[in-house]
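This report refers to the structure that appears directly beneath it.
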Amino acid sequence: MRELLRQLIRVQEIDERLARLRREAQDIPARKERARSRLAEREAAFARAEAACQQELAEIQRLEKEVEAARATAARLRQQQFEVKTNDAYRALLHEIDTLTAHIRQLEDAELERMENVERYQRALAATRRDLDSESATVERECAELDGRLATMDSELARAEAERTAAAGEVDPDWLRRYERIRDHVGTLALAPVDHGTCGGCHMRLPPQAVHDARRCEQIAVCAFCGRMLYSIEALA
Ligand SMILES: [Zn+2]
């Protein structure tokens, strides 16, 4: 039974390695996707900030035009001051000019404020752009590494599969089938070591008889709780 257990443990080790490799290979496209969408989100945020900055610039242009128009009106009103006939009309014009001048000052203040905003936006955008460029390079490198890993995994998988075929070929077919049935039922580990009187698979305390059987190796002991085949590391050493 010692030899059979050693053969089965060998098959199990290869099966675990195969499962690990397959999980890793399956996970690679999702990891690439996550990296790319992380970058896309940041790029979208950058585009939004850039659009906000452009809007601010457009608003400055609009304010400038408004200031120009108001100044032209004020100039025209000043011209009219020389042409009015009555004091009342003169005072009315004066009042209109004062109101317009105050309005122009307000517009200019608003324009200045927006110009300061634009400067702040542009500084922040330049810093964000630098971050984005380095993040983009990181993501590309990450994806290239993952592609490289996937390429080497093909040969690792093929090698492990060949090892599996060879190792399984040495095991008695009935025992191999039994091993596979338990493995498919409980997960990857069909064989578990006895660990301080407990099953190394489900960690339940084993009856002394099962521990004894595992040590003697005259028959295959089975965990009554999870159904795994048990072995004693000392007995196989
Ligand atoms: Zn168990």
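The values are calculated or read from the model by the stated rules, or taken from the named source; none is laboratory data. These numbers come from a predicted model, not from an experiment. Cβ atoms come from the backbone with ideal geometry, glycine included; neighbour counts cover every protein chain shown.
Checked against (1) in contact with a helix residue (DSSP H, G or I) (Cβ under 6 Å, 6 or more places away or on another chain); (2) of a type outside the set (Val, Ile, Thr); (3) assigned by TED's automatic domain parsing to the domain that holds Leu39, Tyr179 passes all but a single condition, namely (3). Of everything in segment 228-237 that is without any contact (Cβ under 8 Å) to a residue 60 or more places away in the chain and crowded, with 16+ Cβ neighbours inside 10 Å, the residue that is nearest to the ligand (Cβ to nearest atom) is Arg228.
Can we say Arg159 is in contact (Cβ under 8 Å) with a residue 40 or more places away in the chain, surrounded by 12 or more Cβ atoms within 10 Å (Cβ to Cβ) and in a helix (DSSP H, G or I)? No. For Ala40, indicate whether it is at negative phi, within 21 Å of the chain's Cα centre (by Cα) and not assigned by TED's automatic domain parsing to the domain that holds Val186. Considered against the rule, which asks whether it is at negative phi, within 21 Å of the chain's Cα centre (by Cα) and not assigned by TED's automatic domain parsing to the domain that holds Val186, Ala40 comes out as yes.
The residue of segment 210-223 that is farthest from the chain's Cα centre (by Cα), among those that are more than 8 Å from the ligand (Cβ to nearest atom) and part of a loop (DSSP other than H, G, I, E, B), is Glu218.
Kindly provide the set of residues from segment 209-237 that are polar (S, T, N, Q) and within 16 Å of Ile9 (Cα to Cα), ordered by number. Scanning segment 209-237 gives Gln219, Ser232. Leu125 passes every criterion in (1) at pLDDT below 95; (2) under 30 Å from Asp27 (Cα atoms) apart from (2). Annotation note: Cβ proximity below 9 Å between a residue of segment 191-204 that is within 18 Å of Cys217 (Cβ to Cβ) and a residue that is polar (S, T, N, Q) and more than 8 Å from the ligand (Cβ to nearest atom) (sequence gap 6+ or interchain) occurs for Leu191/Gln12; Pro193/Ser232; Val194/Ser232. Restricting attention to segment 162-209 and to residues that are within 14 Å of the ligand (Cβ to nearest atom) and in a helix (DSSP H, G or I), the residue that is surrounded by the fewest Cβ atoms within 10 Å (Cβ to Cβ) turns out to be His185.
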